[in-house]
Structure formats: structure tokens, C-alpha cells
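Notes follow once the structure below has been shown.
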Amino acid sequence: MDKIVIEGGQPLRGSVRISGAKNAVLPILAATLLTRGRNIIDGIPKVRDVATMIQLLKDLGAKVESNRNEKIVLDTSNANNTEAPYDLVSTMRASCLVLGPLLAKLGRARVSLPGGCAIGARPIDLHIKGLEAMGAKVWLEKGYVHGTVDGGLRGTQFYFDTVSVTGTANLMMAASLAVGETILENAAKEPEVVFLADILNQAGAKIEGQGTDMITIQGVSSLQPIECHIFPDRIEAGTYMIAAAITEGEVLIENCIPQHLEPIILKLQEAQVDVEVEDSSILVRGGRPLQAINARTHPYPGFPTDIQAQFMALMTLSRGQSIIMETVFENRFMHVAELKRMGADITLDGNTATINGVQGLSGAPLMATDLRASASLVLAALGAKGQSIISRVYHIDRGYVSMEQKLSDLGARIKRIK
Ligand code: EPZ
């Protein structure tokens, strides 16, 4: 298993280009199953979760006509298989995104139940309840979710009792080919959900209200193949913004969408980090004493849970006490024990972390546990004195394009060892 070795204490300088958004491209790839024809998607991030989703689509009968650089041409004319195999789905819960499209297009689906993961149980009960409300029969058997529907899905009114990003995406895709009108209430407002709705509309769907908590979908009989360019990843951008701050460097974040980053920009400015916003780039300059501030994760447009671990790494070096509350997932503090081994002063009480800033962190051997916790450890290692060795870095490869290359281009002393 690969490890990443970091010699900390080096201010990062230069510019970094943000890649396509992992959490935007995964539902778009699943949505190609709603169409029959050549789907062309550009701006795809080369991360493991995307490779997994493409492999899953191939297992379902889609043909990859070409897949080079950041562009894929995916022919779904003969995507008639309805079974998503365990060995693939178990490595990525976003595979559940094929449930809605398979039921909508082919009337049946057999998708392995996604395992939980380090950050929580992550059930898909709302996905299932919504599909049942559209007339599907869904049952669990031997670790698989089975779904069938006779005569096509029917529009429904469905209320999410918890905001769910992929739940909203799944039901929106299913509803786009259902008979009649579907109303999704307490829907997710994430930019990735809005993007999916806009791209489905370009393919002929009739979706309104995306970006609000009530989305209305008029079912249509078929969709045109999808053509789109994936927008940049706001979580990757936020991660590099924090990298600039924690190393007291100066980094230009290029190819990003500042309005997707508002909660992160505001929190960093509150912490006395200099952040200058341009149209599609952000300049981040650290160096002033970091102010301890509080944060509470919340569905978009609140402070993103996917940035919580990275932000906590920064707060370990701030002046004063900061309180961070994780309200979205029940176990998203796996990075805390590792940060404490570097000298951070953090105490946990349920879903609340109290961080007392310390003078400095010292490098240590570290263990990555999940995607964003791994990013947090990389950031802490960059800001620490001495050497850190991070193992299980395959977690990082799930969601970050060439992270050590991008960091080393910014002057970080970082290398990957086998
Ligand atoms: C998406 O996961 C993202 N993944 C996650 O990013 C992100 O952390 C999360 O949204 C929240 O923003 C993708 O988009 C591929 P949820 P998702 O359904 O959709 C509970 C990353 O690091 N829930 O919004 O799986 C759930 O347990 C990943 O890139 C139910 O109870 O998250 C959680 O507590 C990690 N029942 C809360 O809702 C359901 O049926 C929010 O989950 C569905 C969700």
C-alpha cells in the first residue's frame, strides 16, 4: 500500500488548477443510463471513484467509445443489464445512484447495498422510500437491493425527512422518466444537484425548483444523450485554500466557482486569513496569526461537512478555542485521534469537537481512514514541523486528482512511496 511522506513547515507558493467535481460527475454518469445513445462528458476528474462508476456502467452494458484526458464518450444504446455487482458497489456507495435510472429506464434493478463506511452507517432508506412512493417494489435480499416496477414509475409527492444529496439526485433521475408529476420536498440544494437538474433539462427533462428545497419534475417519455462539461470541485478548492493558510503561504486557486465556496471563504476570512476573490480564481494568503473560530456543518449553503476535517486541522494552530460541530454524519471525527498524535489539543463530546490552538504540530506516522480525514492529515503534516508518513493513502486517491503532484508544484516537500 502506498504511503505519502511529507516534510512540513514549507510555505506553499504559486497557483493550483482545480479539477472537475467528483460529486457532480458521479450522478451525471449514472444519468447516462436514462438515455439511449452517445453521451459526451468533459472535464472529468481522474479519481478512483469515477473509474469505479465507469466500470459499473460498463458492467451494466454501456460502451466506452473513448476515455482520454478528461473526456469520455459513453454509448448507452445497449445498456440493458440491471445488476450492479457487489465487488464494485461495496467500494463506493455512490453506486446506489444507478438505482433510480435502472428502475426508470428498464423497470428493474439489483444493486448491492453499499457498505457503511468510516464516517457513518449512511443508509439509503430515503432513496428506497422515494422509489416505493413512485410505485417500485423494493426489497433487500442477501445484501442486495432488488427493485421492480410494472408499467413504469409514477409521479409522487415525497418529503425527505433528512436532506440527502444523492437521495435527491436518485429520485430526480427516476422522476424524469416517470409518468406524471413528482414533487420532492426538503430536497438537497447542493450545486451538484442543481447541475444534474440543469443537464437533465438540456437532455429533455422538465425539472424546476433545483437549488430550492422543493423540486418539481414532470416526467417525459425519453431523454436525449447527455453532453456536458463538469464544473470544478468546490471541496478540492477548499482543501487547497486551507493548505495555503496552514502553511502561511500564498496560493492562487485557479478554475473555481467562488460562489460555491462562500461558507469556506467567510470562515477563513473570520480566522484572519487573507482571501481575495476574482471571477474564477481565489488568492489565499496566510501568515497573520490565525483566529480560533467556531463552525457547524450543515447541508448547502451551510458550512460543508466535506471540509470539516480539513478546517479542524487549521484550527489546531489558531489562537484560542474553536468549537466544531458535525451535524451531518455521526462519526466524522476519525481524523481527531491522528491530529492529537501530532500534538493537537482536541476534546470530543458527541458530535462536538473543542480545539484549543497550540504553538505548533510535530510530524508523525499517521493513518488515513476516509477521504476527507486523509486530506486533513495531509494539511496538518504540511503545517507541522518535521516528517509525517501517511499510510492508506488510497483513500485520498478516491477524491483528489494527483494531490501530491499539485502540492509539490506549490513547493511542498511531499512524495509518494510504494
Ligand atoms: C453526498 O453523500 C456526498 N457524496 C458526500 O461526499 C457528502 O459528504 C454528503 O453528500 C453530504 O454533503 C456524493 O455526492 C457522492 P447524504 P450522500 O445522503 O448523498 C443520512 C465526499 O467526501 N441519510 O446527503 O451519501 C446520511 O446517513 C463524500 O466526497 C439517511 O439517513 O450523503 C447522512 O447522515 C463523503 N438516509 C445524511 O443523511 C438516506 O437514505 C446526509 O447524507 C440518505 C441519507
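All of the numbers you see were taken from the coordinates with simple rules; none came from a lab. Please read these numbers as outputs of a predicted model, since none were measured by experiment. Here the Cβ is made from the backbone with ideal geometry for all residues, glycine too, and neighbour counts use every protein chain on show.
Taking 10 °C and 1.306 mPa s as the conditions, I'd like the Stokes-Einstein D for the chain in µm²/s, using the Kirkwood hydrodynamic radius from alpha carbon pairs.
Numbers: Rh = 21.8 Å.
This corresponds to a translational diffusion coefficient of 73 µm²/s.
So, in Å, what gap is there between the alpha-carbon centers of the range 90-168 and the range 270-289?
41 Å
Which of the three applies to the range 30-131, rounded, prolate or oblate, going by the alpha-carbon gyration tensor with a ≥ b ≥ c and a/c under 1.5 meaning rounded? Kindly include the intermediate steps, with their values, before the conclusion.
Numbers: a/c = 2.07, a/b = 1.29, b/c = 1.60.
Oblate is the answer for the range 30-131, as a/c is 1.5 or above yet b/c matches or exceeds a/b.
All other residues with a Cβ under 10 Å from the Cβ of residue 350 taken together, and with Lys, Arg as +1 and Asp, Glu as -1, what is their net charge? All intermediate terms of the calculation are to be shown ahead of the outcome.
Values: positive: none; negative: 326, 330, 349.
Once all neighbours under 10 Å are counted, the net charge is -3.
Using R₀ = 45 Å, calculate the FRET efficiency as 1/(1 + (r/R₀)^6) where r is the Cβ-Cβ separation of residue 213 and residue 402; round to 0.05.
Values: r = 36 Å, r/R0 = 0.81.
Approximately 0.80, to the nearest 0.05.
For the range 257-344, rounded, prolate or oblate, judged on the Cα gyration tensor with a ≥ b ≥ c (square roots of eigenvalues), a/c < 1.5 rounded, else prolate if a/b > b/c?
Details: a/c = 2.10, a/b = 1.24, b/c = 1.69.
Oblate shape, in that a/c is at least 1.5 and b/c is the bigger or equal ratio.
Calculated from DSSP H runs of 4 or more alone, at -39500 (n - 2.57) each and per residue, what is the 222 nm mean residue ellipticity of the chain, nearest 500?
Calculated at 222 nm, the ellipticity per residue is -9000 deg cm²/dmol.
What trypsin sites (Lys or Arg not before Pro) in the range 1-55 are in a loop by DSSP, with at most 12 other Cβ atoms within 10 Å of the Cβ? All intermediate terms of the calculation are to be shown ahead of the outcome.
Working: sites: 3, 13, 17, 22, 36, 38, 46, 48; in loops: 36, 46.
When the trypsin sites (Lys or Arg not before Pro) of the range 1-55 are filtered for loop state and at most 12 Cβ neighbours within 10 Å, nothing remains.
For the range 112-268, just the Cα set please: Rg and Dmax, both in angstrom.
Cα-based Rg and Dmax for the range 112-268 come out at 18.4, 60 Å.
With r as the distance between the Cβ atoms of residue 179 and residue 139 and R0 = 25 Å, compute the FRET efficiency 1/(1 + (r/R0)^6) and round to 0.05. Display every interim value, and only then the final one.
Details: r = 23 Å, r/R0 = 0.91.
According to the calculation, E is roughly 0.65.
Mind giving me the nanometre distance, one decimal, between the label points for residue 81 and residue 288, set 7 Å out from Cα along Cα→Cβ?
It is 5.6 nm.
What is the gain in length, in nm to one decimal, between residue 319 and residue 65 on full extension, counting 0.36 nm per residue of separation less the C-alpha to C-alpha distance?
On the way: separation 254, 0.36 × 254 = 91.44 nm, distance 5.42 nm.
Once the chain is fully extended between residue 319 and residue 65, it gains 86.0 nm.
Hand me the GluC sites (Glu not before Pro) from the range 255-332 located in a DSSP loop with no more than 13 other Cβ atoms within 10 Å, in residue order please. Display every interim value, and only then the final one.
On the way: sites: 270, 276, 278, 326, 330; in loops: 278, 326, 330.
Taking the range 255-332 and a limit of 13 other Cβ atoms within 10 Å, the loop GluC sites (Glu not before Pro) found are 278, 330.
Quick check for me: using +1 on Lys/Arg Cβ and -1 on Asp/Glu Cβ, what's the dipole size of the chain about its Cα centre, in debye to the nearest 20?
Details: 41 positive and 44 negative charges, 218 e Å.
So the dipole magnitude of the chain works out to roughly 1040 debye.
Straight-line reach from residue 22: which lysines fall under 18 Å, measuring Cα to Cα and dropping same-chain residues less than 8 apart?
By straight Cα distance, residue 22 reaches 46, 71, 189, 406.
Using label points projected 7 Å from each Cα along Cα→Cβ, tell me how many nm separate residue 347 and residue 415, to one decimal.
4.2 nm
Between residue 90 and residue 186, what FRET efficiency comes out of the Förster formula 1/(1 + (r/R0)^6) with R0 = 25 Å and r the beta carbon distance, rounded to 0.05?
Details: r = 29 Å, r/R0 = 1.16.
Taking R0 as 25 Å, the efficiency between residue 186 and residue 90 is 0.30.
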